[in-house]
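Chemist: Starting off with a structure, shown below.
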Amino acid sequence: MLANLTGVSEATGEGATLGDVLQDIIARAPGLKTHFFDEAGNVRRHIRFIKNEEFWRTADPLAMPLSPGDRVTVINSVSGG
Amino acid sequence: MADVVFVGTGKGAVALRRNGRGWTHDGLELQGWLVTAATQGPDGRYYIGVTSDVYGCTVVVTDDFKTYTPLENGPRYEEGERGNDMHNRLMGAMDPMGAKQATQRYVDQIWKLHSDSKRLYAGVSEAGLFVSNDLGQSWQPVKGLNDHPSRDNWNAGFGGLCCHSILTDDVNADRLWVGISAAGVFRTDDGGTSWVSANEGVSSDEGYCVHGLAHDPQNAGVIYRQDHRGFYRSDDGGDHWVLIEDGLPIAELTDKHKCVFGFPVVMNVETDSVFAIPLAGDNFRFPKDGELAVFRTRNKGKSWERLDNGLPTEFYTSILRGAMAIDQGPAFGVYFGTSAGQVYASTDGGDTWREAVQGLPKVLCVESFH
């Protein structure tokens with residue numbers, strides 16, 4: 001859905017944590033900031049992250065450690081019924 | 001007559017173009033996004049307000065309604081600005097995941113984009129006004145309104161506390177009006193530094209619940225107002241309002257108050273024609289007896305004509321406040337979308353109507369572009 005808007009489905013960034021990588025990407029694509037962070041500076045709460053094949057469920061996803069070659073997938077939190 | 005009728009919905013947008021006597025489009029763009037507002041900017045490009053519960057809201061720009069580019073900055077409150085408790089409770093109630101349960105003031109939707117010859121304006125919820133002097137590259141909060149001394153007493157409407165209507169004055173650039181549900185109409189005469197409440201004569205329950213505004217920017221002080229509690233006109237820039245309901249269907253509200261209830265109001269300035277779509281009260285929100293009809297006045301509301309040629313008679317859904325648009329010029333079209341995903345179009349000033357498209361998601365905004 002975010003790719004529908006931005007036209008970009010993949011981006012590469014550098015850093016030791018997800019927070020670092022997002023800041024690196026946002027520095028080059030400032031329009032993404034509003035989509036990842038709310039006015040209080042928090043990661044939007046309906047966004048979920050998958051590191052490689054692993055759901056990342058910590059309270060602070062920005063602390064997710066990353067190594068070169070890791071792949072993080074951004075998805076909507078979805079429920080149904 | 002419009003080249004494009006842009007229709008924003010709860011899950012994307014379509015750009016309608018005339019095709020003989022009918023209308024056609026190239027499919028749903030911006031899929032998944034609430035498309036809530038649109039305007040043509042001073043540069044001739046089209047600016048579109050989009051919102052997602054997941055990814056927040058922003059403004060995208062297009063030249064052709066096929067390729068949309070997000071702006072780097074949308075209207076956004078500053079960190080630490082205190083939000084309206086009632087608005088946050090309402091948003092939280094519609095958001096069981098709890099993303100909006102907070103005391104912070106958030107921009108959670110762009111309700112209105114408006115342009116004059118130099119600037120872009122964005123009316124947002126939580127209610128506030130932002131202005132851009134650089135074609136949307138940056139947005140400045142209009143603090144005289146956003147931090148108005150009465151703000152603590154503003155009540156949220158059913159859709160939240162939202163700034164949904166913006167009127168500007170072509171003759172006096174320092175004068176503009178906004179409509180906020182449910183705080184009423186506010187006017188500035190000094191370019192946004194200070195704002196006065198402009199609601200005298202309007203029936204009030206818990207706040208002034210304005211639903212829609214229309215005027216001629218060249219004769220800006222004459223304003224038409226569809227309110228929760230009646231249909232009004234002001235001849236003095238909003239200082240005083242009078243009911244103009246003769247010939248309009250009267251509804252009974254949940255508190256037994258009797259008045260005209262509805263949402264959109266649009267005006268063709270060349271013919272001094274004003275259009276409204278009254279509904280059967282705040283508890284039903286569909287046309288009286290299910291008979292869809294548009295009403296037109298050509299004498300400033302002294303009388304109204306019922307226009308239903310081509311409109312359905314078994315119609316039990318609503319028309320939202322942003323979901324009606326009108327062309328300017330002596331021969332003009334009128335367009336509106338429904339919460340059931342139809343768009344109706346008239347190319348003869350409202351005399352006759354045709355269904356232009358059906359099967360869309362809930363229609364949130366309609367704009368005609370030339």
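The values are calculated or read from the model by the stated rules, or taken from the named source; none is laboratory data. Predicted model only: the values in this text are computed from it and were never measured. Note: ideal-geometry Cβ built from the backbone for every residue, glycine included; neighbour counts use all protein chains shown.
Chemist: What's the total number of residues in region B:182-206 that are free of Cβ contacts under 8 Å to residues at least 40 places away in the same chain, polar (S, T, N, Q) and surrounded by 14 or more Cβ atoms within 10 Å (Cβ to Cβ)?
Modeler: Result for region B:182-206: 0.
Chemist: Among the residues of region A:20-30, is any within 11 Å of another protein chain (Cβ to nearest Cβ) and either part of a loop (DSSP other than H, G, I, E, B) or touching a strand residue (DSSP E or B) at 6+ places or on another chain (Cβ under 6 Å) (or both)?
Modeler: Looking through region A:20-30, at least one residue is within 11 Å of another protein chain (Cβ to nearest Cβ) and either part of a loop (DSSP other than H, G, I, E, B) or touching a strand residue (DSSP E or B) at 6+ places or on another chain (Cβ under 6 Å) (or both).
Chemist: Here is a further query. Of all residues in region A:39-68, count the ones that are part of a loop (DSSP other than H, G, I, E, B) and away from chain B (no Cβ under 14 Å).
Modeler: Step one: filter region A:39-68 for residues part of a loop (DSSP other than H, G, I, E, B), giving A:39-42, A:44-46, A:52-53, A:57-60, A:64, A:66-68.
Next cut, away from chain B (no Cβ under 14 Å) only: A:52-53, A:57-58, A:60, A:64, A:66-68.
Summing the residues that are part of a loop (DSSP other than H, G, I, E, B) and away from chain B (no Cβ under 14 Å) in region A:39-68 gives 9.
Chemist: How many residues are surrounded by 11 or more Cβ atoms within 10 Å (Cβ to Cβ) and either in contact with a Gly (Cβ under 9 Å, 6 or more places away or on another chain) or at positive phi (or both) if we restrict to region A:53-69?
Modeler: Going through region A:53-69 one residue at a time, the tally reaches 6.
Chemist: Oh, and also: In region B:12-63, which residue that is touching a helix residue (DSSP H, G or I) at 6+ places or on another chain (Cβ under 7 Å) and aromatic (F, W, Y) is farthest from A:N4 (Cα to Cα)?
Modeler: The qualifying residue farthest from A:N4 (Cα to Cα) is B:Y55.
Chemist: How about region B:187-245: which of its residues are small (G, A, S) and under 21 Å from B:V294 (Cβ atoms)? Show your work before the answer.
Modeler: Applying the first criterion (small (G, A, S)) to region B:187-245 yields B:191-192, B:194, B:197-198, B:201, B:203-204, B:207, B:212, B:214, B:220-221, B:230, B:234, B:237-238.
Hits for region B:187-245 are B:G212, B:A214, B:G230.
Chemist: Next up: Please count how many residues of region A:69-81 are in contact with a strand residue (DSSP E or B) (Cβ under 8 Å, 6 or more places away or on another chain), of a type in the set (S, T, N, Q) and either assigned to a loop (DSSP other than H, G, I, E, B) or over 27 Å from B:G83 (Cα atoms) (or both).
Modeler: 2
Chemist: Output the residues belonging to region B:116-169 that are assigned to a loop (DSSP other than H, G, I, E, B), among the small types (G, A, S) and farther than 19 Å from B:G191 by Cβ.
Modeler: First, the residues of region B:116-169 that are assigned to a loop (DSSP other than H, G, I, E, B): B:116-119, B:126-127, B:133-139, B:142, B:147-150, B:154-156, B:158-159, B:161, B:169.
Narrowing the set further to residues that are among the small types (G, A, S) leaves B:117, B:127, B:136, B:138, B:150, B:156, B:159.
Those that are assigned to a loop (DSSP other than H, G, I, E, B), among the small types (G, A, S) and farther than 19 Å from B:G191 by Cβ: B:A127, B:G136, B:S150, B:A156, B:G159.
Chemist: Follow-up. I'm checking my understanding of the structure. Among residues of region A:70-81 that are surrounded by 10 or more Cβ atoms within 10 Å (Cβ to Cβ), free of Cβ contacts under 8 Å to residues at least 60 places away in the same chain and among the β-branched types (V, I, T), which one is nearest to the other protein chains (Cβ to nearest Cβ)?
Modeler: Of the residues in region A:70-81, the ones surrounded by 10 or more Cβ atoms within 10 Å (Cβ to Cβ) are A:70-77.
Restricting the remaining residues to those that are free of Cβ contacts under 8 Å to residues at least 60 places away in the same chain gives A:70-73, A:75, A:77.
Next, only the ones that are among the β-branched types (V, I, T) stay: A:72-73, A:75.
Numbers: A:V72: 16, A:T73: 14, A:I75: 9 Å.
The selected residue is A:I75.
Chemist: Being under 22 Å from the mean Cα position of the chain (by Cα) and either over 25 Å from A:L5 (Cβ atoms) or exposed (fewer than 13 other Cβ atoms within 10 Å of the Cβ) (or both) is the filter here, so list the residues in region B:72-86 that pass it. Lay out the reasoning, then the answer.
Modeler: Quick first cut of region B:72-86, residues under 22 Å from the mean Cα position of the chain (by Cα) only: B:74-77, B:84, B:86.
Within region B:72-86, B:N84, B:M86 qualify.
Chemist: Would it be correct to say that B:T58 is surrounded by fewer than 21 Cβ atoms within 10 Å (Cβ to Cβ) and of a type in the set (S, T, N, Q)?
Modeler: Numbers: surrounded by fewer than 21 Cβ atoms within 10 Å (Cβ to Cβ): no; of a type in the set (S, T, N, Q): yes.
No: the conditions fail for B:T58.
Chemist: Please work out which one of (1) among the aromatic types (F, W, Y); (2) farther than 25 Å from B:H228 by Cα; (3) within 16 Å of the chain's Cα centre (by Cα) is the condition B:F332 fails and give its number.
Modeler: The single condition B:F332 does not satisfy is (3).
Chemist: Are there any pairs with C-beta distances below 6 angstrom linking a residue in region B:45-64 that is farther than 18 Å from B:M91 by Cβ and free of Cβ contacts under 8 Å to residues at least 60 places away in the same chain to a residue that is outside any strand (DSSP E or B) and of a type in the set (D, E, K, R), with the two at least 6 apart or on different chains, and if so which?
Modeler: From residues that are farther than 18 Å from B:M91 by Cβ and free of Cβ contacts under 8 Å to residues at least 60 places away in the same chain, the pairs are B:D63/B:R45.
Chemist: For B:W111, indicate whether it is under 14 Å from the mean Cα position of the chain (by Cα) and over 19 Å from B:T51 (Cα atoms). Break it down stepwise before answering.
Modeler: Working: under 14 Å from the mean Cα position of the chain (by Cα): yes; over 19 Å from B:T51 (Cα atoms): no.
Criteria not met by B:W111.
Chemist: Just for region B:279-298: of the residues that are part of a loop (DSSP other than H, G, I, E, B) and of a type in the set (K, R), which one is modelled with the highest pLDDT?
Modeler: In the first step, residues of region B:279-298 are kept if they are part of a loop (DSSP other than H, G, I, E, B); the result is B:280-287, B:291-293, B:298.
Still in the running and of a type in the set (K, R): B:285, B:298.
Working: B:R285: 95, B:R298: 98.
That would be B:R298.
Chemist: Which one of the conditions (1) crowded, with 19+ Cβ neighbours inside 10 Å; (2) hydroxyl-bearing (S, T, Y); (3) outside any helix (DSSP H, G or I) does A:T12 fail to meet, given that it meets all the rest?
Modeler: The one condition A:T12 does not meet is (1).
Chemist: List every residue pair whose Cβ atoms sit under 7 Å apart, with the two residues 6 or more apart in sequence or on different chains, where the first one lies in region B:76-89 and is within 12 Å of another protein chain (Cβ to nearest Cβ) and the second, anywhere, is at pLDDT 90 or above and in a helix (DSSP H, G or I).
Modeler: Correct list of pairs: B:R76/A:T34.
Chemist: Another one. Given the criteria within 9 Å of chain A (Cβ to nearest Cβ) and touching a His at 6+ places or on another chain (Cβ under 6 Å), does B:Y106 qualify?
Modeler: Details: within 9 Å of chain A (Cβ to nearest Cβ): yes; touching a His at 6+ places or on another chain (Cβ under 6 Å): no.
Here the answer is no, as B:Y106 does not meet what is asked.
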